[in-house]
Amino acid sequence: MYAQVCFPFFINKTFTYRVPDKLVDSLKSGDLVEAKFKNKLCKGFVVSICSKISFKGPVNNIISIDLSNVVPHDLWNTLLWMSNYYVTPIGKITQTTLSWAFKNNTVKNNKIANNDYAVKSLESLILSNSQNKIYNKINQFYKEDTKPQFLYGVPGSGKTEIYLKLAQNTISNKQSCLVLIPEIALSSQIFSRFQSYFGDKVLLWHSQSTDLYKRKVLNKLQKREPYIIVGARSALFTPLHNLGLIIVDEEHDSSYKETERQPCYHARDLAIIRAQYSQALILLGSATPSLETYYNATIINKYYMHELNERYGNAQLPKVKIVDMNQNRDIQNNQNLFSEYLINKIEISLQNKEQILILHNRRGFSSIKVCTESDDILKCKSCDVILTFHAQLNQLICHHCNKTYSFNKYTKKDIQFLGYGTEQIEAILNQILPHARILRMDSDSANSMKKQNDILARFKNKEYDILLGTQMIAKGLDFSNITLVAVMNAELGMLIPDYRSHEKMFQLIYQVIGRSGRREKIGQAIIQTYNPDNNLIQMATNYQSKKFYNLNLESRKSLQYPPFVRLIRFLFQSTDIKECISSANKIYKLLKTDFSDSIIGPLPCPIERLYNKSRYHILLKIKAEKLKSSLVKIKKIQDKKSQLIHKKVSLLIDIDSISVL
């Protein structure tokens, strides 16, 4: 007997080993084994087992099976599917997704220290009639087949209550649950909610968890008892045994997609695959679904859909007011940032001891224009990106490569501030409302999970009146005392040259409005814009999500973008622009033979330079029925990548790309 073994490297092949007699009966695909690789003892995974081999050279024996790090069968099958679909060698897949398996995970004390909490009875969690109907329907449909299900609920409709009841049902059947959330910042809120009902059965998993904590979690999971894992996209690869439920909350969020390195996987799509292999119930949830999910659920009936159109309890949807900022241009005292209407409403909320959320999706202070004959706007030398001035640091920072530039050589006479970021808004708010307690949350002020949790805890405890921030504050937050939400510049982001820019802006505005008035107090939202008649803004503020989705689907169909085609992107990056173009042209010639009617490029990317590298791309728009055969052809290019492109050029193959920037 022989086994093909993969090792955690980016190598396009597996290696042949002999299976010793003592392991013949127990060894199977997906087992972690020890074997000699280049005279070193290494760990690798068995990909397949066969009785004959064509290899004529000497064959080493597998030394042992590592039974301390067992990968469940459903997870292993998911990874094999992932390797095939995302055209990435299985060895690289195991390195990315199962890095924990190659470490020694033994710990002396398996106990996980938790915050003090009292476990509540799930009997105290009462579902509304609408929620109860949906809960029963989800269970009924799941008994019939394992087709994915989608919970389409307005913000504050009580999706989490349904998640909790489904988890209770799963745990009582001695099965495990996986709850995926897009942002690490949201994980502690959902984690606390689940922990308050399920106690130490709930475990947290994400990239910022410490190695010790992860080892303790792994030790618990290897006991094969039912647990609930809450975490960001990497939690999908935890070795949960007997998986019965997967929930993907805020399924539309782009954080679920890996875009910077292969495999460029989408955790939502892989969650559906893992659910198929484990026969688990899979539920996607969102108030603003991705166009793909909306299409799958409402147009082609690939998913079951459940709608929650009312808020939980006595809460009502906020009243929304659009403020035309063109009428505000003459006001100089606050640099046109705040309308009089918004300031008045903030002051009323402060008098009522209510809290306010202010969204502006740009961090820093502002961009800078040098007032000379050329009127240059300062850009990063390594990236094709405008620099942002950060007043607290007195530095110019590139928000892509994080390179910093000194600001000392410029005087106030030399420069002009262009636009504004959260830092400048905070400074102006402090001038206008000196008695208000203001907290800022963006990736400058909250660059670690500890800081994020601290900011949210202090705001929840009403130590602050106003929470100002970027998109980090727009989704998933559930605070009872927020009665006013303001969007500073609603059109920001609409002009980004990307096919998803309108979808993202609609989701952001709709989601942040939903943070207001989530309990008894009626909430309101104020949307400041220079384009008050803009269709997108009108639809987001009038809760016309279906109208928005149907119009956008028409647009996507006419332009041939997802969900009507599968978008595959070949991204070339190099410090040598000539080699970058040459390599892109080589791959283009190979692709053109098979994809002449669906290929675009090679072209410079909209952001032409990042990290001092030139960027070119080729796009393929492939019909769903041709995808399988297309992946086979693309895999051949992936396998010969090192021979086809120059060593100075990196090539990223992004299947189901969600951006063309």
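Please go through region 469-541 and write out the GluC sites (Glu not before Pro) that DSSP classes as loop and that have at most 12 other C-beta atoms within 10 Å.
Here the sparse-neighbourhood loop sites are E520.
Could you tell me how many degrees, from 0 to 90 and to the nearest 10, lie between the Cα long axis of helix 267-278 and the main elongation axis, the longest principal axis, of the Cα atoms of the chain?
40 degrees
Per DSSP H run of at least 4 residues, take -39500 (n - 2.57); add these up for the chain, divide by its residues and hand me the 222 nm value, nearest 500 deg cm²/dmol.
Taken over the chain, the calculation gives -9500 deg cm²/dmol.
What percentages make up the Cα-Cα pair-distance distribution of region 6-158 when the bins are 5 Å wide from 0?
Once binned at 5 Å, the Cα pair distances of region 6-158 give 1, 7, 12, 13, 12, 10, 9, 10, 9, 7, 5, 3, 1, 0.
Using a 10 Å cut-off on Cβ atoms, rank the peptides 146-153, 336-343, 208-215 from the highest mean neighbour count down.
For the peptides 146-153, 336-343, 208-215, the packing ranking is 146-153, 336-343, 208-215.
Too long at a 20 Å Cα-Cα cut-off: which of K40/K647; K460/K504; K56/K641; K557/K623?
Listed pairs above 20 Å: K40/K647; K460/K504; K56/K641.
Could you work out the equivalent-ellipsoid semi-axes for region 240-340, taking the square root of 5 times each eigenvalue of the Cα gyration tensor, largest first, in whole Å?
In descending order the semi-axes read 40, 20, 13 Å.
So which aspartates and glutamates can K589 reach, going by Cα to Cα under 15 Å and dropping same-chain residues fewer than 8 places off?
D597
If packing is taken as the average number of other Cβ atoms within 10 Å across a peptide's residues, how do 126-137, 505-516 rank, most packed first?
Listed from highest to lowest mean packing, they are 505-516, 126-137.
Jot down the radius of gyration and Dmax of region 434-587, Cα atoms only, both in angstrom.
Reported Rg and Dmax, both Å: 20.1, 63.
Mind jotting down the distance between the C-alpha centroids of region 544-623 and region 80-97, whole Å?
First find each Cα centre; the distance between them is then 22 Å.
How long are the semi-axes of the equivalent ellipsoid of the chain, taking √(5λ) for every eigenvalue λ of the Cα gyration tensor, in whole Å from largest down?
Square roots of five times the eigenvalues give 43, 33, 24 Å.
For F37, list long-range residues whose amide hydrogen, built 1.01 Å from N in the peptide plane, is under 5 Å from its own amide hydrogen.
C42
Give the cross-link partners of K319 among the aspartates and glutamates, using a straight C-alpha distance below 15 Å as the criterion and excluding same-chain residues fewer than 8 apart.
Within the straight-line cut-off, K319 pairs with E310, E520.
Under 19 Å from the Cα of K613, which aspartates and glutamates turn up, not counting those fewer than eight places away in the same chain?
E260, D384, D576, E579, D654
Take the residue pairs K220/K546; K43/K111; K165/K216; K28/K137 and return only those whose Cα atoms are more than 32 Å apart.
Too far apart for the 32 Å limit: K220/K546; K28/K137.
Grab the other residues whose beta carbon is less than 14 angstrom from that of D465, score K and R as +1, D and E as -1, and report the net.
Local net charge: +3.
Which entries in the list K120/K159; K133/K302; K92/K379 go over 25 Å, if you measure between the two C-alpha atoms of each?
In this structure, K92/K379 lie more than 25 Å apart at Cα.
Coordinate-derived values only; no laboratory data. What you see is a predicted model; the values in this text were computed from it and never measured. Here Cβ is always computed from backbone atoms with ideal geometry, including for glycine, and neighbour counts include all displayed protein chains.
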